Amino acid sequence: MNHTYNVNFTILVIDDSEINLELFKQFLTKAGYKDLHFYTDGRQALDQLSAISPDLIILDLHMPRMDGLQFLERLGESAASDDHIPVMVVTADATSETKTRALAKGANDYLVKPLDSHEVTLRVANLLETRRLQLETQDQKKSLERMVLDRTNSMEIARSEVLTRLAYVAEYRDDDTGNHTQRVGNIAAAIAKKAGLSESMIEIVRQAAPLHDLGKVCVPDRILLKAGKLTVEEFEENKKHTTVGAEILEGGEYRLLQVARDICLSHHEHYDGTGYPQGLSGADIALEARICSIADVFDTMTHDRPYRKALPVEEAIDEIRNQSGKHFDPELVDIFLELVENGEISTYSKAVRQELLI
Ligand SMILES: [Fe+2]
Ligand SMILES: [Fe+2]
């Protein structure tokens, strides 16, 4: 077997005898190894282990302070679970008990002094070949993990794009820019963040809130695009978009779809119980739906709709404030107003105005 390609590996030798270290230096240098590190104290070697990053450790057993067996124990504790540095134990102790103990603690090879240079070189080469194969396997594992991650990322992008387009479908007839849905997502996410929801829930809210009116696909144009006030019958017909949206998303396996379903169903519920379709009140209304409700109403008020012109942003904010505890969750209104005060919502409003000017 030709092992010459392994001579660039790093070898750490630990032996309390300077004479033995010198001997190893001669053997290993002669065999072509260049990156060699020698220590007489196991503790110092351990301290430097990550800096040295050895591919092979040659270890004496009987040493003062920390002996070879203790070294093996500490090495096992400190090494990463998928990285095992081969260890060759070299000792004058030929008893089978010591040999067994060393091997049990993770030694890969056991050499009894006095040393034969040829045997040392061959065993070192064998262990380094094992190391090479181990590193190769680790590389393959890493590149596989990268591939899986890339694939997951592109699936994530595709999934998110499908959801964006689904939300676009929902509002296509009365907002063909699709901007309303995305703004509702962003405002809802800002509220969710300030309300202390987890990072992952904030992102779920950002992606689920735009689907709030998915059920509008069932509302006929004569109602959806009606310029005037809806009749009682038309309003009843329009209300169905909540339950239809929820039915479309019902039974979704992913948390995102479950949240979107709750938002579809309950984004027209009122905190005081006067909303629809179920007349739920307070905390019985899903939190995400309570959040979305503020974002949706605010954004709808600040935009032209078939049945009325956009309100000035300040008036829309006043309306949200007036509806605290009635239409909206008072705590979430406080959060919304805080965001407005900090300029985090006015950013969207400015964007709204710019769009209106265009
Ligand atoms: Fe709606
Ligand atoms: Fe909406």
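Output the 0 to 90 degree angle, nearest 10, between the alpha-carbon long axis of helix 346-357 and the longest principal axis computed from the alpha carbons of the chain.
Between the helix axis and the principal axis of the chain, the angle is about 60 degrees.
Below 8 Å between Cα atoms, with a sequence gap of 6+, how large is the relative contact order for the stretch 4-144 in percent?
Details: 192 pairs, mean separation 33.2, N = 141.
It rounds to 24 percent for the stretch 4-144.
Would you mind calculating the relative contact order of the chain from Cα pairs under 8 angstrom and at least 6 residues apart, reporting the percent as a whole number? Spell out each step's value before the answer.
Working: 496 pairs, mean separation 37.3, N = 358.
Taking the mean separation of contacting Cα pairs over the length of the chain, I get 10 percent.
With just the Cα atoms defining each centre, how far is the stretch 86-133 from the stretch 299-344? Give it in Å.
Distance between centres, Cα-based: 75 Å.
Averaged per residue, what accessible area in Å² does the chain show with a 1.4 Å probe, protein chains only?
Numbers: 18790 Å² over 358 residues.
That works out to 52 Å² per residue.
Roughly speaking, to the nearest percent, how much of the chain's 1.4 Å accessible area is carbon and sulfur? Intermediate results must be reported in sequence, preceding the final value.
On the way: 9830 of 18790 Å².
Heavy-atom surface of the chain belonging to carbon and sulfur, 1.4 Å probe: 52 percent.
What accessible surface, in Å², does a 1.4 Å probe find on Tyr271, ignoring ligands, DNA and RNA and rounding to the nearest 10?
Surface open to solvent at Tyr271 totals about 70 Å².
May I ask you to work out the translational diffusion coefficient for the chain at 25 °C, viscosity 0.890 mPa s, via Stokes-Einstein with Rh from the Kirkwood sum over Cα pairs, reported in whole µm²/s?
95 µm²/s
Given a 1.4 Å probe and heavy atoms of the protein chains only, how would you sort Asp284, Asp334, largest accessible area at the top? Before the final figure, lay out each step's value.
Working: Asp284 115, Asp334 90 Å².
Result, largest first: Asp284, Asp334.
Anything over 18 Å Cα to Cα? Flag those among Lys25/Lys113; Lys193/Lys326; Lys216/Lys240; Lys34/Lys99; Lys240/Lys309, in the order listed.
Lys193/Lys326; Lys34/Lys99; Lys240/Lys309, as the Cα separations exceed 18 Å there.
Placing +1 on the Cβ of each Lys and Arg and -1 on the Cβ of each Asp and Glu in the stretch 4-144, which of Met66, Ile19, Ala104 has its Cα farthest towards the positive end of the resulting dipole?
Ala104
For the chain, what is the mean residue ellipticity at 222 nm derived from helices alone (per DSSP H run of n ≥ 4: -39500 (n - 2.57); sum divided by total residues; nearest 500 deg cm²/dmol)?
On the way: 15 runs with 207 residues, N = 358.
Calculated from helices alone, the mean residue ellipticity at 222 nm is -18500 deg cm²/dmol.
Classify the stretch 30-183 as rounded, prolate or oblate from the Cα gyration tensor: take a ≥ b ≥ c as the square roots of its eigenvalues, call it rounded if a/c is under 1.5, otherwise prolate when a/b beats b/c and oblate if not. List each step's numbers first, then the result.
Details: a/c = 4.27, a/b = 3.44, b/c = 1.24.
Prolate shape, in that a/c is at least 1.5 and a/b is the bigger ratio.
If a/c stays under 1.5 just call it rounded; otherwise compare a/b with b/c (prolate if a/b is bigger, oblate if not). Do that for the stretch 222-336, with a ≥ b ≥ c from the square roots of the Cα gyration tensor eigenvalues.
Details: a/c = 1.68, a/b = 1.11, b/c = 1.51.
Judged from the Cα gyration tensor, the stretch 222-336 comes out oblate (a/c at least 1.5, b/c at or above a/b).
The values are calculated or read from the model by the stated rules, or taken from the named source; none is laboratory data. Values in this document were obtained by computation on a predicted structure and should not be read as measured data. Backbone-built Cβ (ideal geometry, glycine too); neighbour counts: all protein chains shown. Please note that ligands, DNA and RNA were not included when accessible areas were found on the heavy atoms of the full protein model with its side chains. Shrake-Rupley method; radii C 1.70, N 1.55, O 1.52, S 1.80 Å.
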